[in-house]
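**Student:** Handing you this structure, nothing more for now.
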Amino acid sequence: MGARTTIHDVAKAAGVSVSTVSKAVNGRYGIADATVQRVLDAVKTLGYESSLVASSMRARRTGVIGVLLADFEPFSAEILKGVGSAVHDTAFDLLAYSGSHLGAGDGWERRSLSRLSGTLIDAAIMVTPTVVSAGTEIPVVAIDPHTGRADLPTVESDSFGGALVATRHLIELGHRRIGFLAGRPDLRSAGLRDAGYRRALSDAGIPTDPSLIGAGRYELDATRESARIMLSAPTRPTAIFAANDLSAIAVIDVAHELGLRVPDDLSVIGFDDVPEATRRALPLTTIQQPMRRLGAVAADMVFTLLAGGEIDEMNVILPTRLVVRATTAAPPR
């Protein structure tokens with residue numbers, strides 16, 4: 001079997017630059033008709049029409065939906081499974097893409113979309129994007145965007161309600177000194193979990209104690225350091241609510257290192273219900289957010305937009321629920 005024909009081969013055969021080939025096959029302006037025809041003739045002769053770019057030229061569709069991720073971690077992996085299930089019985093392929101963040105800062109999505117839209121993907125699902133004003137012509141849906149609701153369709157879980165239920169669960173067990181390991185300060189959903197924790201304390205008449213709030217930022221080292229400081233204090237908490245499961249698991253590890261028993265000496269509850277939550281010797285009590293459902297709903301929105309339909313609800317919030325396992329109990333006497 002011979003080597004696969006590339007865009008460079010087409011450019012050489014047509015006597016033009018690679019950028020001219022790209023413009024010609026995608027129907028962009030600024031290319032003479034004769035040049036376009038020469039490129040298309042080369043495409044046909046070399047058999048390049050089987051590529052995604054040539055498919056885009058013929059049908060204006062690539063048949064690919066892109067999922068843009070900041071990182072491949074448990075949360076985004078579960079969302080990918082949800083999108084994959086929704087796409088499975090359709091004619092679409094799925095592309096998971098995490099672009100370079102070097103020098104990008106906030107707005108990494110813009111660069112990724114500019115590289116992919118129109119030539120490699122027909123639509124995009126962005127997971128926890130830093131910006132939602134991506135300025136692209138293809139349909140875009142955002143899952144758990146940093147800034148919350150936007151002009152484009154968004155899907156997220158009820159972070160405030162979940163945090164409220166998590167903290168109330170600890171209060172109902174009898175805990176009064178309840179710590180909180182916060183998530184990323186730039187992520188709206190993390191802020192809502194902070195607010196839900198504070199509301200539950202306020203509703204129960206429990207004052208908020210700044211010494212019981214740590215900055216985990218969804219980072220392992222920061223979470224472990226905050227947990228160690230909190231649990232080494234003379235008046236340590238009897239329970240901790242962590243803003244995600246991986247942070248909660250880190251808290252449990254630190255507690256064990258300090259000689260504390262979970263849940264006898266310390267109750268711990270997380271948020272997400274990632275697979276790791278049930279793979280420990282002590283399965284984690286947590287707030288389950290429907291991560292795969294987030295991906296499936298986002299995919300359904302994309303299908304509607306690609307079909308020329310209108311989204312009934314632009315900003316969807318899915319419910320969360322408490323899953324009680326082995327890491328929460330009544331406080332020690």
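The values are calculated or read from the model by the stated rules, or taken from the named source; none is laboratory data. Just so it is clear, the model here is predicted, and its values are computed rather than measured. Reconstructed Cβ throughout: ideal geometry from the backbone, glycine too, with neighbour counts over all protein chains shown. Ligands, DNA and RNA are excluded from the accessible area calculation, which covers all protein heavy atoms including side chains. Shrake-Rupley method; radii C 1.70, N 1.55, O 1.52, S 1.80 Å.
**Student:** Please report the equivalent ellipsoid semi-axes of segment 252-333, computed as sqrt(5 x eigenvalue) of the Cα gyration tensor, largest first, in whole Å.
**Tutor:** Here the semi-axes work out to 39, 12, 8 Å.
**Student:** What do you get for the angle between helix 291-306 and the principal long axis of the chain? Use alpha-carbon atoms, 0 to 90 degrees, nearest ten.
**Tutor:** It works out to around 30 degrees.
**Student:** Under 8 Å for C-alpha pairs, at least 6 residues apart: give me the relative contact order for segment 120-207, rounded to a whole percent.
**Tutor:** 25
**Student:** Within the set of other residues whose C-beta is less than 12 Å from the C-beta of THR223, count the net charge using Lys and Arg as +1 and Asp and Glu as -1.
**Tutor:** -1
**Student:** Using alpha-carbon pairs under 8 Å, 6+ residues apart, how would you state the relative contact order of the chain in percent?
**Tutor:** Reported as a whole number, the value is 17 percent.
**Student:** What is the magnitude of the charge dipole of the chain about its Cα centre, with +1 placed on the Cβ of each Lys and Arg, -1 on the Cβ of each Asp and Glu, and no other charges, expressed in debye to the nearest 20?
**Tutor:** Magnitude of the dipole: close to 300 debye.
**Student:** To test your reading of the geometry: what angle, between 0 and 90 degrees and rounded to tens, separates the Cα axis of helix 188-203 from the longest principal axis of the chain?
**Tutor:** With rounding to tens, the tilt is 20 degrees.
**Student:** When the Karplus curve 6.51 cos²θ - 1.76 cosθ + 1.60 is applied with θ = phi - 60°, which whole-Hz ³J(HN,Hα) does each residue of segment 81-92 get, with x for Gly and Pro?
**Tutor:** Once θ is set to phi - 60°, the couplings for segment 81-92 become 4, x, 5, x, 5, 5, 7, 3, 9, 10, 8, 8 Hz.
**Student:** Here are several values of Kirkwood radius over Cα pairs in Å: (i) 22.1; (ii) 21.1; (iii) 20.6. Which one was derived from the coordinates shown?
**Tutor:** (i)
**Student:** Given a 1.4 angstrom probe, I'd like the percentage of the accessible area of the chain that is carbon and sulfur, rounded to a whole number.
**Tutor:** The C+S portion of the solvent-accessible surface of the chain is 51 percent.
**Student:** Between exposed chymotrypsin sites (Phe, Trp or Tyr not before Pro) in the chain, where DSSP calls loop and at most 13 other Cβ atoms lie within 10 Å, what's the longest gap?
**Tutor:** Answer - 73-333.
**Student:** Under a 5 Å amide H to amide H cut-off, with H placed in plane at 1.01 Å, what residues pair with LEU181 once short-range neighbours are removed?
**Tutor:** For LEU181, the qualifying residues are GLY214, PHE241, ALA242, ALA243.
**Student:** Pull up all non-local amide H partners of ALA70: gap of 5 or more, or a different chain, and H-to-H distance under 5 Å with H placed in the peptide plane.
**Tutor:** Those qualifying (amide H under 5 Å, at least 5 residues apart or on another chain) are VAL127.
**Student:** Further question on the same structure: Angle, helix 159-172 long axis vs. longest principal axis of the chain, Cα atoms, 0 to 90°, nearest 10?
**Tutor:** 20
**Student:** Still on this structure, I have one more. Output wanted: per-residue J couplings in Hz (rounded whole) for segment 242-255, from phi through Karplus 6.51 cos²θ - 1.76 cosθ + 1.60, θ = phi - 60°, x for Gly and Pro.
**Tutor:** Once θ is set to phi - 60°, the couplings for segment 242-255 become 9, 6, 8, 5, 5, 5, 4, 5, 5, 4, 4, 4, 5, 4 Hz.
**Student:** Which of these, PRO283, PRO129, PRO153, has the largest mean-square fluctuation under a Gaussian network model of the chain (Cα springs below 10 Å)?
**Tutor:** PRO283
**Student:** Continuing with this model, one more query. Please state the relative contact order of segment 209-251 as a whole percent: Cα pairs under 8 Å, 6+ residues apart?
**Tutor:** Taking the mean separation of contacting Cα pairs over the length of segment 209-251, I get 41 percent.
**Student:** Measuring with a 1.4 Å probe in the full set of protein chains, what accessible area per residue, in whole Å², belongs to segment 195-242?
**Tutor:** 50
**Student:** Could you work out how far the C-alpha centroid of segment 230-294 sits from that of segment 183-221, in angstrom?
**Tutor:** Centre-to-centre (Cα) distance: 15 Å.
**Student:** Which residue fluctuates the most in the chain, going by a Gaussian network model with Cα springs under 10 Å, if the choices are PRO139, PRO290, PRO234?
**Tutor:** PRO234
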